[in-house]
Amino acid sequence: MNILILGGGGREHSIAWAVMQNPKCDKLIVAPGNAGIAQIAECASLDIENGAAVVNFCEGNAIEFVIIGPEAPLAAGVSDRLRDAGLLVFGPSQAAAELEASKRFTKEICDAAGAPTAAYAHFTGADAARAYVKTQGAPIVVKADGLAAGKGVIVAETEEQALAAIDDMFGGEFGAAGAEVVIEEFMTGEEASFFVLCDGETALPIGTAQDHKRVGEGDTGPNTGGMGAYSPAPVLTDEIAQKALDAIIKPTLAEMARRGTPYQGVLYAGLMIENGQPRLVEYNVRFGDPECQVLMMRLGAQALDLMQAAAEGRLAEAQVNWAHDHALTVVMAANGYPGSYEKGSTIKGLDNCGEDSFHMVFHAGTSEEDGQIVATGGRVLNVTARGASLSQARDRAYAMVDRIDWPRGFCRRDIGWRALG
Ligand code: AMP
Ligand code: GLY
């Protein structure tokens with residue numbers, strides 16, 4: 001099978017790595033890819049948000065299966081264009097991708113599906129939003145409705161912060177994403193991520209994970225795209241995962257199908273767990289990054305069979321073969337991230353990491369210049385390991401980190417602390 005993966009981050013490197021292990025894969029192209037992906041697959045430059053361009057590329061390269069990594073091509077309807085052209089695609093339609101692209105849409109689906117989530121109200125103007133905050137008090141959560149690159153959520157500890165967030169959003173700080181605002185009850189508990197493959201009808205859980213959003217150790221400092229992750233997430237016990245499946249995921253899929261927009265792809269549910277009960281924080285319509293890296297490390301070659309079964313509507317007959325192992329990934333970022341950071345510094349020592357099916361350095365923002373790997377992004381490497389226990393996976397990952405010679409980068413040294421104590 002000839003396969004195209006859209007994207008060029010650590011998420012896509014880990015998907016490519018898993019896909020390449022499956023003998024079913026004859027040829028793999030990744031667009032745009034990165035320096036790490038280029039070591040295992042062909043990379044192509046392509047405007048991945050332009051459906052017509054992607055269709056043309058597939059036709060020119062005899063591609064049979066397309067796996068879409070990031071949300072932007074999904075929100076732009078690239079999967080619809082590919083399906084219209086008769087290609088097999090892993091990733092939801094534009095209409096189903098609204099589950100990530102609009103917070104108001106997700107809240108309405110939760111209402112219709114009876115799925116537990118934070119109480120909320122939705123506003124198109126600042127005056128009514130401000131009045132609502134004054135009646136509810138703080139803490140309270142203010143969210144721009146649309147895609148805002150992970151920055152459109154303000155967890156306001158005081159009423160003043162909430163009012164300022166409302167003014168910023170309606171003042172245009174988040175562009176069109178902030179033209180509508182959702183204001184939510186502040187939920188307490190522990191967060192975890194639940195990943196489920198969907199084929200429109202059937203839901204197949206493929207793992208749980210926990211991310212580390214803050215840049216600093218002990219979960220301090222500004223928010224980032226994620227500084228590390230591990231899988232499984234101990235807080236998401238089998239019993240709580242089953243509750244999330246029955247009360248949140250399955251009713252969501254049924255409501256999407258009832259509306260004529262069935263959901264196909266990976267559904268990433270961000271959950272808040274308190275007193276053994278899960279509530280939905282948000283949906284994403286793609287794998288998390290860096291959560292994908294730990295899921296792919298655990299799934300290996302079967303990831304391709306599972307994604308293909310989702311795309312072909314055959315999940316009812318699929319199953320995951322678990323190794324009952326643990327995986328952990330440490331993100332190495334360029335100094336300064338998530339603020340402004342330097343680009344172009346050289347990374348050495350990558351050849352000494354002893355990569356195998358238990359140890360992988362997935363690349364995010366890297367490129368190759370004159371035979372050297374250089375950092376080109378904020379999050380640059382995902383140093384990932386698998387083990388019989390979480391502490392073994394962690395020790396293996398940090399042993400690799402210590403072999404990497406990159407003085408202009410940093411990482412958190414405490415990934416896994418919540419689960420490891
Ligand atoms: P979201 O993009 O919706 O996941 O929001 C980003 C982060 O904000 C979440 O991962 C939570 O940590 C936090 N958050 C969002 N909504 C709520 C809520 N209703 N209560 C508490 N924290 C929240
Ligand atoms: N790591 C969080 C996300 O991918 O949204």
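The residue list THR220, THR188, THR261 contains one member that is within 13 Å of ligand 1 (Cβ to nearest atom) and over 20 Å from the mean Cα position of the chain (by Cα), which is THR188.
Yes/no matrix, rows are residues, columns are (1) of a type in the set (Gly, Ala, Ser); (2) away from ligand 1 (no atom under 16 Å from the Cβ); (3) surrounded by fewer than 20 Cβ atoms within 10 Å (Cβ to Cβ):
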| residue | (1), (2), (3) |
| --- | --- |
| GLY270 | yes, no, yes |
| LEU280 | no, no, no |
| VAL285 | no, no, no |
| PRO290 | no, no, no |
| ALA303 | yes, yes, no |
| ALA311 | yes, yes, no |
| ALA316 | yes, yes, yes |
| TRP322 | no, yes, yes |
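Checking the stated criteria, TYR341 turns out not to satisfy the condition of being open to solvent by 30 Å² or more (accessible area, probe 1.4 Å), in contact (Cβ under 8 Å) with a residue 60 or more places away in the chain, more than 16 Å from ALA35 (Cα to Cα) and among the aromatic types (Phe, Trp, Tyr). In segment 118-150, the qualifying residues are those that are free of Cβ contacts under 8 Å to residues at least 40 places away in the same chain and within 16 Å of ligand 2 (Cβ to nearest atom), and the one that is least open to solvent (accessible area, probe 1.4 Å) is ALA148. Scoring THR208 on the criteria (1) in contact with a strand residue (DSSP E or B) (Cβ under 7 Å, 6 or more places away or on another chain); (2) among the polar types (S, T, N, Q); (3) away from ligand 2 (no atom under 16 Å from the Cβ); (4) under 24 Å from PHE90 (Cβ atoms) leaves a single failure, condition (3). Just one of the listed residues (GLU368, GLU342) is assigned to a loop (DSSP other than H, G, I, E, B) and either in contact with a Gly (Cβ under 7 Å, 6 or more places away or on another chain) or closer than 18 Å to GLU12 by Cα (or both), and it is GLU342. If the condition is being free of Cβ contacts under 8 Å to residues at least 12 places away in the same chain and of a type outside the set (Gly, Ala, Ser), then segment 169-191 contributes only GLU173.
Scanning segment 152-174 for residues that are β-branched (Val, Ile, Thr) and open to solvent by less than 50 Å² (accessible area, probe 1.4 Å) gives a single hit, ILE166.
The values are calculated or read from the model by the stated rules, or taken from the named source; none is laboratory data. Computed from a predicted model, the values in this text were never measured in an experiment. With ideal geometry, Cβ positions are generated from the backbone for all residues, glycine too; neighbour counts draw on all protein chains shown. Note: accessible area is taken over every heavy atom of the protein model, side chains too, but ligands, DNA and RNA are not part of it. Shrake-Rupley method; radii C 1.70, N 1.55, O 1.52, S 1.80 Å.
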